[in-house]
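Working notes, beginning with the structure itself.
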């Protein structure tokens, strides 16, 4: 077991369900090498308490509407690694987190010993493989992987925003948006999944997990 340079690993928890935070605190505080020093409903609220953390357990769907990518980026800028702790029922959120560079993904229904083993592995600086993480990264041959910028353009444009609105939102020119959309369409064409219309792009974004499945189609 890798030991913390300070003797005890300082853990933060971001989850907007108070009972989850309390449960994690009770579990981790029983461990001789871990201490939950802060828990909050948002990343900003957690960092307002402390940035002196060795790792954060992060839920992907938070009540403030922030995206996993922005939350992981914020924690990275603060020098804090992230281990996702989630129900895992929305693959597009898991995929976003995996592509943003988290240490791994652990389901909330995991056994306590599995959670602790994953945390210790992540704290040692190693990636934590899991079925959910692998499923989010490894897809069928037709899956189209996109850079963060292309993904942001697809998310906005396919969800119904105009090219000019996407340009303003991302602080780029409308011509650049058009170029990016054409690149995205080209990649889908190469993968054998043409997307000539905005509706087709919307369908492809849902299929690849870049946009959520509309609630009316969820089981």
Item checked: Shape category assigned to the range 9-137 from the gyration tensor of Cα positions, a/c cut at 1.5 -> rounded
Notebook entry, point to check: For a label point 7 angstrom out from the Cα of residue 110 toward its Cβ, which stretches of the range 29-62 have the backbone nitrogen within less than 13 Å?
Noted result: 56-59
Margin query: Would the range 148-217 count as rounded, prolate or oblate if I go by the C-alpha gyration tensor, calling it rounded below 1.5 in a/c and otherwise prolate when a/b exceeds b/c, oblate otherwise?
Written below: oblate
Check: Given the Cα-Cα distance of residue 190 and residue 165 and 0.36 nm per residue of separation, how much length would full extension add, in nm?
Finding: 6.2 nm
Notebook entry, point to check: Modelled label-to-label distance, residue 199 and residue 45, 7 Å Cα→beta-carbon offset: nm?
Noted result: 4.2
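Coordinate-derived values only; no laboratory data. Here the structure is a predicted model, which means the values were calculated and not measured. Note that we place each Cβ from the backbone using ideal geometry, even for glycine, and neighbour counts take in every protein chain shown.
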